[in-house]
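Encoded as structure tokens, the structure appears first; notes follow it.
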Amino acid sequence: MPKVGSAISPLHGGHCPPWLFEKMTQLSAAIVEAIIVEFGPDEILRRFSDPVWFQAFGGVIGFDWHSSGLTTVGLGALKTGLAPRQKELGLFIVGGKGKAAQQTPHEIDALGESAALPQELNRLKDTSRLVAKVDSALVQDSYDLYHHVMIFTASGRWAVIQQGMNDRQRTARRYHWLSENIKSFIVEPHQGIVGKTTPNVLNLTEQSNVPLHHSSLALAQRPEEVLLTLRRLEEADGEKLLIMPHHHNIPGSRYINKALNEIYRRSPESYQDLIMTPGVGPSTVRALAMVSEIIYGSPITYHDPVRYSFAHGGKDGIPYPVNRRDYEGSLQILKKALGQARVDDRTKLESLRRLARLEMGTSTESVP
């Protein structure tokens, strides 16, 4: 696990200018290609699943380090920049913001056909849905997901970066996943979660809440008992705070009746199957957890899973405006090095490594 980093910054407004986005598509793709040439495509997954590295990557390509747009715009630029050469590089990017996130399964199908990927990569569609369901239903932190990007290789390894927004607090939260480090999708699966820490988060992926998985699965076969218990809780106002923190309202029994009966009809064999049942969302899993606490005595613990703290704002030229001349110069140098590397003259990239070592011992300012 990488070292934990922390940075706090105020919220700012603004947009990414079109000229900068165009440059970001080129530079981000060039950086990723350089890493692939040196270390292979699997290393890209490891880098993008590291929240602090990803934050630095966004700063390098010219986007504000403290911006929520760093995720959406940065990955959008990379997806655009890599699109023409995905098959050649063996690295594929699908998903995006809003409606683009919902198109992820269709994009996987389209890439599988156009790039002649192995048929077994179809399982990535299920993985994409499961990761989204975990961060929306099992991690109930008041952040609504609006961004989902999956990066994967032809061998089937993958990384996912998701982002949610809390409109009331005007902050964003980012969730990082890496396939090679996942032992369970429903028990502490994240590589890192970036955001502003908040109290009383219902995190059902936490190890201490695993007993609730088993009791919830048992209750799935007794929907009438769940509904009856919920009705009693709805009627006992004073009991609500003993069961759940104030901001986690007790789900109305009439609203989750359909979901509970669908669970009963399907008879899921595992908690993962349960949460993937159509119609099962945050309210249903919260209801099952609450009733499990009452009937089975499995106490719910509330710990925010955030391990990296960043307050996200918007594109605004802080800490300084992008220097177009320097940006273009860096892009051309990297493109030249990559062009030389493509003809198997890998030693040409050594000059970039020497430059990086030199720069670590110096400090320069970019003048707008």
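The values are calculated or read from the model by the stated rules, or taken from the named source; none is laboratory data. Computed from a predicted structure; not experimentally measured. All Cβ positions, even for glycine, are placed from backbone atoms using ideal geometry, and neighbour counts span all protein chains on display.
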Let me spell it out: the conditions are (1) under 21 Å from the mean Cα position of the chain (by Cα); (2) outside any helix (DSSP H, G or I); (3) not basic (Lys, Arg), and GLU180 meets all of them except one. Which number is the exception? (2)
So which residues in segment 83-101 are more than 23 Å from GLY164 (Cα to Cα), outside any strand (DSSP E or B) and in contact (Cβ under 8 Å) with a residue 40 or more places away in the chain, if there are any at all? ARG85, LEU89, GLY90
What number of residues within segment 32-44 are surrounded by fewer than 21 Cβ atoms within 10 Å (Cβ to Cβ) and either closer than 30 Å to VAL306 by Cβ or among the charged types (D, E, K, R) (or both)? 6
Hey, among ILE182, ILE151, ILE186, which residue is touching a Leu at 6+ places or on another chain (Cβ under 8 Å) and within 27 Å of GLY279 (Cβ to Cβ)? ILE186
With the checklist (1) assigned to a strand (DSSP E or B); (2) farther than 20 Å from GLY281 by Cα; (3) out of contact with any Lys or Arg (no Cβ under 8 Å at 6 or more places or on another chain) in hand, flag the one item ARG168 doesn't pass. (1)
Starting from segment 256-280, take each residue that is farther than 19 Å from SER136 by Cβ and not assigned by TED's automatic domain parsing to the domain that holds LEU230 and list its partners that are in a helix (DSSP H, G or I) and among the aliphatic types (A, V, I, L, M), counting only C-beta distances under 9 angstrom and pairs at least six apart or across chains. none
Just one of the numbered conditions (1) modelled with pLDDT of 70 or more; (2) touching a Gly at 6+ places or on another chain (Cβ under 8 Å) is not true of THR284; which one? (2)
Could you check how many residues of segment 183-212 are part of a strand (DSSP E or B) and closer than 21 Å to PRO299 by Cα? 2
In segment 187-200, how many residues are closer than 17 Å to LYS133 by Cβ and either modelled with pLDDT under 95 or under 15 Å from the mean Cα position of the chain (by Cα) (or both)? 4
Does any residue of segment 130-139 turn out to be modelled with pLDDT of 95 or more and in a strand (DSSP E or B)? yes
Failed item in (1) modelled with pLDDT of 90 or more; (2) surrounded by 15 or more Cβ atoms within 10 Å (Cβ to Cβ), with ARG265 passing the rest: (2)
Within segment 201-210, track down each residue that is surrounded by fewer than 16 Cβ atoms within 10 Å (Cβ to Cβ) and in contact (Cβ under 8 Å) with a residue 60 or more places away in the chain. SER208
